[in-house]
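The values are calculated or read from the model by the stated rules, or taken from the named source; none is laboratory data. Given the structure is predicted, the values throughout are model-derived calculations rather than measurements. Glycine gets a Cβ as well: all are built from the backbone with ideal geometry, and neighbour counts include every protein chain shown. Note: areas computed on protein heavy atoms with side chains; ligands, DNA, RNA excluded. Shrake-Rupley method; radii C 1.70, N 1.55, O 1.52, S 1.80 Å.
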Amino acid sequence: MNTQRASSAFTRYLPRLAYPLAVIATLWIVAGRSLFGAGGDLVPVFAVSFGPMLLVAMGMGAVMMRREAALHVTRSTTFTIALVYVISFVLALVFGFLVPDRMGGRVVSAASQVFGEWFVGLSAGFGNTAGILTLCFALATYFLALNESKKTHRTLAGIDPEQEEERERASYTYDFLD
């Protein structure tokens with residue numbers, strides 16, 4: 001049993017592209033910066049740490065997004081879920097571009113190779129933030145899709161969201177919500 005959902009090409013095709021995007025993001029962070037001459041000591045470290053962690057986080061988001069999309073006739077996810085996943089991918093690209101690495105006794109990043117050595121300090125400062133946000137958005141995709149899936153399952157089971165909220169409010173023990 002499926003439900004009807006408005007869709008666009010973006011929300012229909014992103015669940016199909018999510019797995020390749022996760023692999024591309026992971027490979028870019030692990031070794032992609034080598035294309036700019038900035039692949040140093042962190043390549044093997046990222047290959048066993050951040051890379052697999054990102055692949056799992058984005059992969060979980062992709063799995064849940066695809067499962068949630070399969071509950072609808074259009075096989076599409078919500079715009080919000082798709083947007084959050086794309087943001088995690090873009091942040092992964094930014095992180096791979098900015099993350100500093102040690103190569104030949106000096107600190108470099110793909111960005112510093114493009115913009116000059118003076119950019120290494122900015123790369124370090126913004127790179128770590130981009131890395132943390134990448135994981136946060138990848139996990140947010142999973143949780144948003146999980147929540148949307150639960151709502152869809154309740155709808156398919158014939159549970160009215162307004163009646164469910166009213167029932168929950170009636171059984172809630174604290175008064176400050178009223």
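Contact map, the range 141-162: residues that are farther than 12 Å from THR78 by Cα and in a helix (DSSP H, G or I) paired with residues that are polar (S, T, N, Q) and at pLDDT below 85, Cβ distance under 9 Å, separation 6+ or inter-chain. Pairs shown: THR155/THR3; LEU156/ASN2; LEU156/THR3; PRO161/THR155.
Under the condition of being over 16 Å from ALA130 (Cβ atoms) and surrounded by 14 or more Cβ atoms within 10 Å (Cβ to Cβ), the residues counted in the range 38-51 number 4. I'd like to know if the range 89-109 contains one or more residues that are part of a helix (DSSP H, G or I), closer than 21 Å to GLU68 by Cβ and among the aromatic types (Phe, Trp, Tyr). Yes, there is a match, as at least one residue in the range 89-109 is part of a helix (DSSP H, G or I), closer than 21 Å to GLU68 by Cβ and among the aromatic types (Phe, Trp, Tyr). Checking the stated criteria, THR11 turns out to be open to solvent by less than 30 Å² (accessible area, probe 1.4 Å) and hydroxyl-bearing (Ser, Thr, Tyr). Any idea which of SER88, SER123, SER76, SER112 is touching a residue at least 60 places away in the same chain (Cβ under 8 Å), more than 30 Å from SER7 (Cα to Cα), hydroxyl-bearing (Ser, Thr, Tyr) and out of contact with any strand residue (DSSP E or B) (no Cβ under 6 Å at 6 or more places or on another chain)? Sole residue among the options that is touching a residue at least 60 places away in the same chain (Cβ under 8 Å), more than 30 Å from SER7 (Cα to Cα), hydroxyl-bearing (Ser, Thr, Tyr) and out of contact with any strand residue (DSSP E or B) (no Cβ under 6 Å at 6 or more places or on another chain): SER112. Modelled with pLDDT of 95 or more and open to solvent by less than 50 Å² (accessible area, probe 1.4 Å), is that true of MET58? Answer is yes for this residue.
TYR85 fulfils the conditions (1) open to solvent by 20 Å² or more (accessible area, probe 1.4 Å); (2) in contact with a Phe, Trp or Tyr (Cβ under 9 Å, 6 or more places away or on another chain) except for a single criterion, (1).
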